[in-house]
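Participant: I'd like to ask you about the structure that follows.
The values are calculated or read from the model by the stated rules, or taken from the named source; none is laboratory data. In this text the structure is predicted, and so the values were computed from the model without any measurement. As a convention, Cβ positions derive from the backbone with ideal geometry for all residues, glycine included, and neighbour counts pool all protein chains shown. Just so you know, the surface numbers come from the protein's heavy atoms only, side chains and all, with ligands and any DNA or RNA stripped out. Shrake-Rupley method; radii C 1.70, N 1.55, O 1.52, S 1.80 Å.
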Amino acid sequence: MKPETFNLRYFIEFAYKGTRYHGWQYQPNAISVQETLNKALSVLFKKEIDVVGAGRTDAGVHAKQMFAHFDLEESIDIPFYVHKLNSFLPKDIAILNIHSVHDDAHARFDAAKRTYEYHIHTQKNAFDCDDSWFYQNKLNVDLMNQACKILFDHIDFECFSKTHTDVNTFNCKIYEAFWQQNNDKLVFTISADRFLRNMVRAIVGTMVNIGLEKVSLDDFTKIIESKDRSQAGFSVPAHGLYLTKVVYDYI
């Protein structure tokens, strides 16, 4: 009889620039962050490893903080393997830390809160072209911040969700949402317990229309209550979006 083996679960904390990748999730005919991380871990630990991420990001979206979990049969020297894994990975994926967690910890289902930022620059900048959306029309940021307060009055955000998704509910609890402007830089920050596919980019696109004063605050409420994606605004480009924080009760 073979001796019983026990798996130890680890969370990887990492960041990546999404420009070169077709999103987080494995794609059969395109490079993804998940596939790149799986290959590096599999080579390093000499066994096939398939990580489970905290969530999906679309093609071109970046992450300043992302988590994924995987299992090993032995404990590891964490600082050594953080350094080693970084040396195996391309320059646009950086391992920040590895956390030893309890056996049933789950990177996706245990995330209590996620935070995203959307970055806009209003003056053409050659260095921001992959990391921020260039939009030069003048926006009423005060009006956009008033619209943010309306989000707290609702929990069903089907109107901002990609259609034909396999979710059981469109309910999300939003904890914070606000715009900040610093000269030609404009950043939208939003935190919630969960996000729907394309939700942040659709919210930003709708709020841009509010900032252009094409959509009123009353219209914004009606859009949310309609639960109809066609009523909301356009989806802003992916390259301005960042996953910036994922919160767990035990990390």
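Participant: Would you check if Lys113 is touching a residue at least 60 places away in the same chain (Cβ under 8 Å) and open to solvent by 40 Å² or more (accessible area, probe 1.4 Å)?
Facilitator: Taking the combined requirement at face value, the residue satisfies it.
Participant: So, one more: Can you find, within the range 230-242, the residue that is farthest from Gly18 (Cα to Cα) among those that are in contact with a helix residue (DSSP H, G or I) (Cβ under 6 Å, 6 or more places away or on another chain) and open to solvent by 50 Å² or more (accessible area, probe 1.4 Å)?
Facilitator: Taking the candidates together, the pick is Gln231.
Participant: Okay, next question. Please indicate, with yes or no, whether at least one residue in the range 3-10 is farther than 27 Å from Ser132 by Cβ, open to solvent by less than 90 Å² (accessible area, probe 1.4 Å) and free of Cβ contacts under 8 Å to residues at least 60 places away in the same chain.
Facilitator: Within the range 3-10, none of the residues are farther than 27 Å from Ser132 by Cβ, open to solvent by less than 90 Å² (accessible area, probe 1.4 Å) and free of Cβ contacts under 8 Å to residues at least 60 places away in the same chain.
Participant: Still on this structure, please answer the following. What residue, of Asp219, Asp249, is without any contact (Cβ under 8 Å) to a residue 12 or more places away in the chain and either open to solvent by 10 Å² or more (accessible area, probe 1.4 Å) or in a helix (DSSP H, G or I) (or both)?
Facilitator: Exactly one residue qualifies, and that residue is Asp219.
Participant: Now for a different question. Kindly provide the set of residues from the range 156-193 that are of a type outside the set (Phe, Trp, Tyr), open to solvent by less than 40 Å² (accessible area, probe 1.4 Å) and in a strand (DSSP E or B), ordered by number.
Facilitator: Scanning the range 156-193 gives Asp156, Ile174, Ala177, Leu186, Val187, Thr189, Ile190, Ser191, Ala192.
Participant: Return the pairs, sorted by first residue and then second, in which the second residue is assigned to a loop (DSSP other than H, G, I, E, B) and of a type in the set (S, T, N, Q), the first residue lies in the range 36-59 and is touching a residue at least 40 places away in the same chain (Cβ under 8 Å), the beta carbons are less than 9 Å apart, and the residues are 6+ apart or on different chains.
Facilitator: Gly53/Gln25; Arg56/Gln25; Thr57/Gln25; Asp58/Asn198; Ala59/Ser32
Participant: From Asp103, Asp142, grab the single residue that is more than 17 Å from Val61 (Cβ to Cβ), over 22 Å from the mean Cα position of the chain (by Cα) and free of Cβ contacts under 8 Å to residues at least 12 places away in the same chain.
Facilitator: Asp142
Participant: Look at the range 194-216 and say how many of its residues are open to solvent by less than 40 Å² (accessible area, probe 1.4 Å) and out of contact with any strand residue (DSSP E or B) (no Cβ under 8 Å at 6 or more places or on another chain).
Facilitator: Residues flagged as open to solvent by less than 40 Å² (accessible area, probe 1.4 Å) and out of contact with any strand residue (DSSP E or B) (no Cβ under 8 Å at 6 or more places or on another chain) within the range 194-216 amount to 11.
Participant: Okay, next question. Could you check the range 145-155 and list, in sequence order, the residues that are over 27 Å from His121 (Cβ atoms) and either open to solvent by less than 80 Å² (accessible area, probe 1.4 Å) or under 22 Å from the mean Cα position of the chain (by Cα) (or both)?
Facilitator: Scanning the range 145-155 gives Phe152, His154, Ile155.
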